[in-house]
Amino acid sequence: VIIGEPLDVYIAFMRAGWDETETVTTKSSWKTMRSFISGGEYRYSPVSSLYVFDRPQDVAFQKARDNIHERNHLRLWMSPARFQGEPVWIGQISRDIGVKLTLKSPTITTHVIDPDVDEARRYFVEDLAYSQALAIIGYVKGVGIVNKHAPRMNLVGDPFYTDGFRAVLFFEPRPYT
């Protein structure tokens, strides 16, 4: 959960080295394919749409790693809620650790996620804290515990587990030590 004005959130992500992803188009699909074949990095590689509030994400960011097969990516939806007058965003973060073929995706390929989804959350929170983007960090109950020895599966059959908490991040318009 992210609380902050859109420009403040956007600037904080840029300061921390996160890139906004491209929209899925024929051109970006070709770039993705070339990067997939070469194994190279694609900083702006698009993400597929996921739906919350009956609509796809409002924005997606990623932090590329060594190659297109590995990245951290985040989708954000502006919620109808406000907290003390500030916009409230709902987000989903995951760490991609590989690529696989699947018939459950319109693009026939998808990334394999790290099953420890809390690790991606921890990385994200620490990364933004180190970049001095956060005024307050907290955690609230979420989906509940999903045990490592009895994981759940995502849409394409990848296992995941979690402590069930959600990070709540309050952004400031300027760097915050």
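The values are calculated or read from the model by the stated rules, or taken from the named source; none is laboratory data. Please read these numbers as outputs of a predicted model, since none were measured by experiment. Note: ideal-geometry Cβ built from the backbone for every residue, glycine included; neighbour counts use all protein chains shown. Only protein heavy atoms, including side chains, enter the accessible area calculation; ligands, DNA and RNA are left aside. Shrake-Rupley method; radii C 1.70, N 1.55, O 1.52, S 1.80 Å.
Give me the Å³ per residue figure for the convex hull around the C-alpha atoms of segment 49-177. Before the final figure, lay out the partial values.
Details: hull volume 16.5 nm³, N = 129.
Spelled out: Cα convex hull of segment 49-177, divided by residues, is 128 Å³.
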### Query
Between T102 and L155, what is the spin-label point distance in nm, taking each point 7 Å from the Cα along the Cα→C-beta axis?
0.8 nm
### Extension reserve of the Y10-D66 stretch, reckoned as 0.36 nm per residue once the Cα distance is removed
17.8 nm
### Summary
Counting only protein heavy atoms with a 1.4 Å probe and every protein chain in place, the carbon and sulfur fraction of the accessible surface of segment 74-177 in whole percent equals 60 percent
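Under 13 Å from the Cβ of I136, count the other residues' Cβ atoms, weight Lys and Arg +1, Asp and Glu -1, and hand me the total.
After counting each charged neighbour, the total is -2.
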### Summary
Expected vector for segment 95-104, Karplus 3J(HN,Hα) from phi with 6.51, -1.76, 1.60 and θ = phi - 60°, integer Hz, x for Gly and Pro, equals 10, 7, 10, x, 10, 9, 8, 7, 8, 8
### Query
Can you work out ³J(HN,Hα) from phi for every residue in segment 161-177, in order, using Karplus 6.51 cos²θ - 1.76 cosθ + 1.60 and θ = phi - 60°, giving whole Hz and x for Gly and Pro?
9, 7, 7, x, 8, 10, 6, 10, 10, 9, 9, 10, x, 10, x, 10, 6
## Note on the structure
Protection proxy (average C-beta count within 10 Å per residue), highest first, orders 159-172, 142-155, 47-60 as 159-172, 47-60, 142-155
### Query
Once Lys and Arg get +1 and Asp and Glu get -1 on their Cβ, which of P151, A120, Y130 lies farthest toward the positive end of the dipole of segment 97-158?
P151
### Task
For E172, enumerate residues with amide H under 5 Å from its amide H, sequence gap 5+ or separate chain, H modeled in the peptide plane.
A135
